[in-house]
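Heads up, the thing below is written out as structure tokens.
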There are 2 protein chains.
Amino acid sequence: MACDLCKLLAAPGAALVWADHQLSVVAVDETEYPGFTRVVWNAHVKEMTDLAPLERTRVMDVVWAVEAAQRAIMGPEKINLASFGNMTPHVHWHVIPRYRDDAHFPNPTWAPAARASTPEVLAARRALLPALHAAIIENLKASS
Amino acid sequence: MACDLCKLLAAPGAALVWADHQLSVVAVDETEYPGFTRVVWNAHVKEMTDLAPLERTRVMDVVWAVEAAQRAIMGPEKINLASFGNMTPHVHWHVIPRYRDDAHFPNPTWAPAARASTPEVLAARRALLPALHAAIIENLKASS
């Protein structure tokens, strides 16, 4: 089990927000980005087009459920969605709430940082995480 | 019409690979990334969850058609998918074929460059573009 995501799903701990037989929703512990969430296909599959069409739709329905919860609870300026997998070729999506005052705005979070975030702003966003996770679970209950 | 993507769709020129009443597929002119393609929702809509569920599925079906064509024709190491829109809040997807020897691998293309690409390698990939665009059109004919 050399894949980091396979290892994480085998022992997800506190990071796991929700899971079913196909997919897991994981809270990402990244200081600058409270609310950053990953949607992970449980099986070790490399590309979205390696999945059957209905499986792809299911992955994206979970991504939309996370996006909707982030918008409702965190009120970000924009949602960023990305699936790279160059280092970890196991289907997973990054869902990131972005704000005008965050460390990289308006660039992607993988670009060099543009500024430092204020601890107070980050603390206020972190305080929303229990409500965010409850909203994600609620949206997924409604969609399944 | 202040939005760059609205302007592009009004006068797409040679960049337009395919379009219907909902979506446009645009070839991105980025020297380091032959094959880089954008899928753009024609109307000025900000987030994926501003679209109706069936519209979202249609967007992603076009993304999968582009991904499948890139894999079949260009044989990349990995496909990268991203939708940010921080600067241009008009739904669009980046679909990027990635290679171990490309300028940023294994990082996202928005990270600082790791190396320079060889002109011969880039020329060989550029030579595949007519076949790539034909395959995208073929996949979209089959899916619609």
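Given only helices, namely DSSP H runs of n ≥ 4 each adding -39500 (n - 2.57), what is the per-residue ellipticity at 222 nm of chain A, to the nearest 500 deg cm²/dmol?
-11500 deg cm²/dmol
Just list whichever of B:Lys7/B:Lys46; A:Lys7/B:Lys78; B:Lys78/B:Lys141; A:Lys46/B:Lys7 have alpha carbons separated by over 27 Å in the model shown.
Check vs 27 Å cut-off fails for A:Lys46/B:Lys7.
Based on the alpha-carbon gyration tensor of the protein assembly as shown and its eigenvalue square roots a ≥ b ≥ c, which shape applies: rounded if a/c is under 1.5, prolate if not and a/b is larger than b/c, or oblate?
Taking the square roots of the gyration eigenvalues as a ≥ b ≥ c, the protein assembly as shown is rounded.
Contour minus end-to-end for B:His44 and B:Ile137, with contour as 0.36 nm per residue of separation and end-to-end as the Cα-Cα distance?
31.1 nm
Report, by chain and number, residues whose modeled amide H sits under 5 Å from the one on A:Lys78, excluding near sequence neighbours (fewer than 5 apart, same chain).
Hits under the 5 Å cutoff: A:Arg98.
What ³J(HN,Hα) values, in whole Hz, does the Karplus curve 6.51 cos²θ - 1.76 cosθ + 1.60 give for the range A:52-62 when θ = phi - 60°, with x put for Gly and Pro?
With the stated coefficients, the range A:52-62 comes to 5, x, 5, 5, 4, 4, 5, 4, 5, 4, 6 Hz.
Place the label 7 angstrom along Cα→C-beta at A:His44 and in each other copy, then list the distances from the first to the rest in nm, shortest first.
Its label point is 4.8 nm from the equivalent points in the other copies.
Give me the one-decimal nm value for the distance between modelled label points at B:His21 and B:Met87, 7 Å along each residue's Cα-to-Cβ direction.
3.3 nm
Tell me which residues come under 5 Å, amide H to amide H, from B:Leu23 once H is placed; ignore anything under 5 positions away on its chain.
Amide H neighbours of B:Leu23, under 5 Å, 5+ apart: B:Asn42.
Between the label point of A:Thr57 and that of the same position in each other copy, find the distances and list them shortest first in nm, with every label point placed 7 Å from Cα along the Cα-to-C-beta direction.
Relative to the other copies, A:Thr57 has label-point distances of 0.3 nm.
What is the magnitude of the charge dipole of the range B:2-91 about its Cα centre, with +1 placed on the Cβ of each Lys and Arg, -1 on the Cβ of each Asp and Glu, and no other charges, expressed in debye to the nearest 20?
The dipole of the range B:2-91 has a size of about 100 debye.
Is the range B:59-144 rounded, prolate or oblate when judged by the Cα gyration tensor, a ≥ b ≥ c being the square roots of its eigenvalues, rounded requiring a/c under 1.5 and prolate requiring a/b larger than b/c?
Note, shape of the range B:59-144 comes out oblate.
Considering the dipole of chain B built from charges on the beta carbon (Lys and Arg +1, Asp and Glu -1) around the Cα centre, which of B:Val45, B:Ala15, B:Leu132 is farthest to its positive end?
Highest projection toward the positive end goes to B:Leu132.
Distances from B:Leu16 to the same position in the other copies: list them in nm, one decimal, shortest first, using label points 7 Å from Cα along Cα→Cβ.
So the label point of B:Leu16 gives 4.9 nm to the other copies.
Per-residue HN-Hα couplings for the range B:72-87, Karplus 6.51 cos²θ - 1.76 cosθ + 1.60 at θ = phi - 60°, whole Hz, x for Gly and Pro?
After applying 6.51 cos²θ - 1.76 cosθ + 1.60, I find 5, 8, 9, x, x, 5, 7, 9, 10, 10, 7, 9, 9, x, 5, 8 Hz.
I'd like the Karplus ³J(HN,Hα) series for the range B:35-49: coefficients 6.51, -1.76, 1.60, θ = phi - 60°, whole numbers in Hz, and an x wherever there's a Gly or Pro.
x, 3, 10, 10, 10, 10, 6, 5, 7, 7, 10, 7, 10, 4, 6
Bear in mind that the values in this text are calculations on the coordinates, not laboratory data. These figures come from a predicted structure and were not determined experimentally. Virtual Cβ from ideal backbone geometry, glycine too; neighbours counted across all protein chains shown.
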